[in-house]
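Read the structure below first, then the notes.
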Amino acid sequence: MASTDTAPKAARARPLSPHLEIYRFTLTMAMSIAHRITGVGLYIGVLLMAWFLIAASMDASSFALFTGFIQSFVGRIVLFGFTWALLHHMLGGIRHFIWDAGYGMDDPMRERLAQATLAGGFALTVIVWAVGYAVR
């Protein structure tokens, strides 16, 4: 009895696309993943901003509840994380804009841009918070 599968045996064994196991994990990959995660973090941060706007438009007790949370240790960690997510996501967008313009895709520049995105996100976050505390 003949098999109904007429494709050659070698063609069936070949994967349709490269599998994750053949790639070496790089910083550029990590920054791509972080860019997506910070996008989700920004969505959650928008909910925090909506809470602020709703509390500000209501009575003093509602605003006091928001202020109490944001001034707590946990609230400041959340706000610091939101600041980092915003700045990291912005730098990742700039990196992608540079790539879309046709620059920075070569091996050493690609890794340097990923390093700059990572270091720049943390550095800008610390600068924003330092300026915020200095002005306060």
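Within region 96-118, the set of residues being charged (D, E, K, R) and in contact (Cβ under 8 Å) with a residue 24 or more places away in the chain comprises Arg110, Glu111.
Conditions (1) over 22 Å from Arg36 (Cβ atoms); (2) at pLDDT 95 or above; (3) hydroxyl-bearing (Ser, Thr, Tyr), marked per residue:
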position: Ala64; (1), (2), (3): yes, yes, no
position: Thr67; (1), (2), (3): yes, yes, yes
position: Phe73; (1), (2), (3): yes, yes, no
position: Leu87; (1), (2), (3): no, yes, no
position: Leu91; (1), (2), (3): no, yes, no
position: Asp100; (1), (2), (3): no, no, no
position: Tyr103; (1), (2), (3): yes, no, yes
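The values are calculated or read from the model by the stated rules, or taken from the named source; none is laboratory data. Since we're looking at a predicted model, the values are computed, not measured. A quick note on method: Cβ atoms are made from the backbone with ideal geometry, for glycine too, and the neighbour counts reach across all protein chains shown.
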